[in-house]
Amino acid sequence: MSIVCTSNTGRPDPRRILQRLERAENADRIIYRTEAGTFTPIIHGLAVPWHKRRLIQLPGRPTHWEYFVLGAFRETIGLHRIEARINHKENTTFADTADGGLTLEETPAGLAYEMRPQDTPAGRGALLAVRQCRARGASVLFKKSAWPEMEPGESFPVCRQTCVELIDVSIAVDVAPQYPTTTCFLRWEKLHHF
């Protein structure tokens, strides 16, 4: 069962939190015990929209258009470890696909994600950033499979990403994500085994 927080802070009422548990049974996940039960936070949203063109820019100048097509991540999801990070920084990993803390799914809208933060400084930082509404969306780091090519009538080359290898899915904290239609939300899932 999942509950969606209705408070403007995106978390259970701190006055009702009786005890913060340091460790979950299966992993070092952040969990809270309240009068209503035990909950774990889940950061979720859309990491990449399909068919939304974005002008990619290097410092000071645009270089090419880029967009992703449905199925672009299908071959890489589940093949290797993909990390959840803050702003793609290696020392901010707070979940990954290997331990089930990061789940990815291709939906009709785009690549959807769910992150269950670990109880580490990076995990607590990610949760705090989302709770404070500083996470402005999401972003993906990947190895390109296609390179920009000129198309008739275009002023910049176009890069159509059809099959890419994901490295990480990051929440964009205090920075704008490449694709402004990405999202980052917080919900609380009730745990039944406590």
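The values are calculated or read from the model by the stated rules, or taken from the named source; none is laboratory data. All of these numbers come straight from a predicted model, not from anything done at the bench. Cβ coordinates were reconstructed from backbone atoms using ideal geometry, including for glycine residues, and neighbour counts include every protein chain displayed.
Of all residues in region 46-65, those satisfying the criterion of being more than 22 Å from Ala84 (Cβ to Cβ), in contact (Cβ under 8 Å) with a residue 24 or more places away in the chain and in a strand (DSSP E or B) are Leu55, Ile56, Pro62, Thr63, His64, Trp65.
Does Gly123 meet the test of being touching a residue at least 24 places away in the same chain (Cβ under 8 Å), part of a strand (DSSP E or B) and farther than 16 Å from Thr76 by Cβ? Let's see the steps before the verdict.
Details: touching a residue at least 24 places away in the same chain (Cβ under 8 Å): yes; part of a strand (DSSP E or B): no; farther than 16 Å from Thr76 by Cβ: yes.
No: the conditions fail for Gly123.
Which ones in region 66-75 are assigned to a strand (DSSP E or B) and of a type outside the set (A, V, I, L, M, F, W, C)? Break it down into steps so the answer makes sense when it comes.
Let us first name the residues in region 66-75 that are assigned to a strand (DSSP E or B), namely 66-68.
Answer for region 66-75, where residues must be assigned to a strand (DSSP E or B) and of a type outside the set (A, V, I, L, M, F, W, C): Glu66, Tyr67.
Out of curiosity, is Thr34 in contact with a helix residue (DSSP H, G or I) (Cβ under 7 Å, 6 or more places away or on another chain), among the polar types (S, T, N, Q), surrounded by 12 or more Cβ atoms within 10 Å (Cβ to Cβ) and modelled with pLDDT under 95?
On the way: in contact with a helix residue (DSSP H, G or I) (Cβ under 7 Å, 6 or more places away or on another chain): yes; among the polar types (S, T, N, Q): yes; surrounded by 12 or more Cβ atoms within 10 Å (Cβ to Cβ): yes; modelled with pLDDT under 95: yes.
When the stated conditions are applied, Thr34 passes them.
Mind counting the residues in region 57-81 that are surrounded by 15 or more Cβ atoms within 10 Å (Cβ to Cβ) and either under 29 Å from Leu186 (Cβ atoms) or of a type in the set (A, V, I, L, M, F, W, C) (or both)? Final tally of qualifying residues: 9. Looking across Arg116, Arg134, one residue alone is surrounded by fewer than 18 Cβ atoms within 10 Å (Cβ to Cβ) and modelled with pLDDT of 90 or more. It is Arg134.
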